[in-house]
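The values are calculated or read from the model by the stated rules, or taken from the named source; none is laboratory data. Bear in mind that the values here come from a model prediction, so they are computed numbers and not experimental data. For neighbour counting, all protein chains shown are included, and Cβ atoms are generated from backbone atoms with ideal geometry for every residue, glycine included. Only protein heavy atoms, including side chains, enter the accessible area calculation; ligands, DNA and RNA are left aside. Shrake-Rupley method; radii C 1.70, N 1.55, O 1.52, S 1.80 Å.
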Amino acid sequence: FFIAPGTYSLTTTITLTPPNQGSYHFYGAGADSTIVQAGAGTLTLFSIGSPLTDPSVFFENLTFKDGAQSNITLIGTGLGLALRFLRCRFYVAVASAIGIDLGSDSRFCRVQLCEFIGPSGTAINVSGDFALVVEGCHFLSVSKPLTINNGVQIILVDNTLDTCGPITFTGNSFGGFNVFSGNHFNNPASRCFEFLSGLNTNSSITIDGN
């Protein structure tokens with residue numbers, strides 16, 4: 001699906017239901033040209049449920065904005081699907097905003113060459129996600145660039161974080177292998193990584209070359 005240049009304000013959620021073992025592709029004219037924003041509070045702009053047939057959803061060359069509204073999730077997912085973002089931009093200006101909210105994903109999620117812009121909010125929230133790769137992205141003045149709760153195989157490589165809060169490991173536990181390498185932390189707001197008390201890890205964590 002090609003989304004023509006323009007600014008689109010949503011007041012209700014768009015729910016995506018890809019075909020069985022199929023895929024949806026959403027292409028914009030560029031992050032400066034095709035903008036989807038919240039026109040009301042307490043809203044998920046794009047919601048992808050919990051399918052049983054392993055579909056894929058792709059977003060490319062689009063901008064998503066919270067529109068300075070409260071309790072906004074730009075992209076919200078359930079479980080059991082593959083998700084790809086390429087050259088997209090996410091604005092999380094309000095503290096309650098979440099850019100990408102990932103549920104338990106049995107396939108794979110890749111976020112590549114994207115931008116996450118604050119001055120507040122959470123860029124990516126992981127809750128039980130299986131296999132997440134964030135590569136070559138830019139995080140600017142985001143309070144929570146990444147929060148991980150029960151994540152498995154989280155890989156962050158070659159990203160730039162400017163004036164951001166820490167990457168936070170929280171909740172119960174996380175497993176598998178987790179790699180954080182080649183990331184640039186410029187003027188961190190407090191610390192680069194934060195491991196909250198009570199965390200139980202069942203995995204290997206590699207933090208190298210940052």
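What to note about this one:
- The 1.4 Å probe gives accessible areas that order THR206, THR12, largest first, as THR12, THR206.
- Relative contact order %, region 43-133, counting alpha carbon pairs below 8 Å whose residues are six or more apart: 28 percent
- Heavy-atom accessible surface of the chain, averaged per residue, reaches 42 Å², computed with a 1.4 Å probe.
- FRET efficiency for SER204 and ASP162, using Cβ-Cβ distance with R0 set to 25 Å, rounded to 0.05: 0.30
- Segment SER9-PHE177, extension gain: residue separation times 0.36 nm, minus the distance between their alpha carbons: 56.5 nm
- Contact order normalised by residue count of the chain, Cα under 8 Å, 6+ apart, percent: 12 percent
- Taking a ≥ b ≥ c as the square roots of the eigenvalues of the alpha-carbon gyration tensor, region 59-118 is classed oblate because a/c is 1.5 or more while a/b is no larger than b/c.
- Other residues lying with their Cβ under 15 Å from the Cβ of SER9 contribute a combined charge of 0, Lys and Arg counting +1, Asp and Glu -1.
- Estimated D of the chain in µm² per second, where Rh is the Kirkwood radius over Cα pairs and Stokes-Einstein applies at 20 °C, 1.002 mPa s: 126 µm²/s
- Environment charge of PHE180, counting only residues whose C-beta is closer than 13 Å and scoring Lys/Arg +1, Asp/Glu -1: -4
- Among GLY151, GLY182, GLY165, residue whose mean-square fluctuation peaks in a GNM of the chain (springs only between Cα atoms under 10 Å): GLY182
- Highest mobility in the GNM of the chain, judged by mean-square fluctuation with C-alpha springs under 10 Å and restricted to THR122, THR163, THR15, is found for THR15.
- Nonpolar atom fraction for region 1-111, defined as the carbon and sulfur part of the 1.4 Å probe accessible area, stands at 51 percent.
- Fraction of beta bridges assigned by DSSP in the chain that are antiparallel (%, nearest 5): 0 percent
- Taking other residues whose beta carbon is less than 12 angstrom from the beta carbon of ILE117, and scoring Lys, Arg as +1 and Asp, Glu as -1, yields -1.
- Pairwise Cα separations in region 47-146 fall into 5 Å bins from 0 onward with the following percentages, short to long: 3, 14, 27, 25, 20, 9, 2, 0.
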